[in-house]
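Worksheet: the structure to be examined is printed underneath.
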Amino acid sequence: MSFERLQGAKGSDEPCLRGFERSFEPVEVTIGYGKSGRIRKIVTRNHATAIFGIRPGMTAAEGKKLALGEGLKETGTADTYRGDGFLVTLLVDRTGAVFGVVVEATD
């Protein structure tokens, strides 16, 4: 699958330690992928998007409830939850609001 455009926005690539990250700034989404092209991480800061029902803009407590309700397990690291082969991390600001959600493969 090609992921050059997302909702009409063209992505820009930046190298990172595990490959590349393609940022779609107008829609506030970043896709991380390895040198093989396999997607390994998705980050959203877009309030219109959700991962496991968790949306930027909600409280961290609401996000935690949704993550646990989806069967994800707490990892012992603040605001990070483990699924089968992946992690979900809530990016939380000082007020306790989620400003971003990250889902990342662990394999």
### Task
Report ³J(HN,Hα) in whole Hz for each residue of segment 47-61, in order, from the Karplus equation J = 6.51 cos²θ - 1.76 cosθ + 1.60 where θ = phi - 60°; Gly and Pro get x.
5, 8, 10, 8, 10, 6, x, 8, 10, x, x, 7, 6, 4, 5
#### Entry: 5 angstrom amide H check on F86, placed H, neighbours 5+ away
T106
#### Entry: Rg and Dmax [Cα atoms of segment 11-67; Å; Rg one decimal, Dmax integer]
13.0, 37
### Task
Within segment 32-107, list the trypsin sites (Lys or Arg not before Pro) lying in a DSSP loop whose Cβ has at most 12 other Cβ atoms in a 10 Å radius.
K35, R38, R94
### Query
Where the only charges are on Cβ atoms (+1 Lys, Arg; -1 Asp, Glu), what is the dipole of the chain about its Cα centre, to the nearest 20 debye?
100 debye
### Query
If you project the alpha carbons of the chain onto their three principal axes, what span does each projection cover, largest first, in Å?
34, 29, 23
### Summary
With every protein chain kept in place and a 1.4 Å probe, segment 22-62 has an accessible area per residue in Å² of 50 Å²
### Message
Restricting to Cα atoms and excluding each atom paired with itself, what does the Kirkwood estimate give for segment 44-102 in Å?
### Response
11.0 Å
### Query
Taking a point 7 angstrom from the Cα of E104 along the C-beta vector, which residues in segment 36-64 have backbone N less than 20 Å away?
36-46, 50-57, 60, 63-64
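The values are calculated or read from the model by the stated rules, or taken from the named source; none is laboratory data. Computed from a predicted structure; not experimentally measured. When we count neighbours, we look across all protein chains shown, and the Cβ atoms used for this are built from the backbone with ideal geometry, even at glycine. Please note that ligands, DNA and RNA were not included when accessible areas were found on the heavy atoms of the full protein model with its side chains. Shrake-Rupley method; radii C 1.70, N 1.55, O 1.52, S 1.80 Å.
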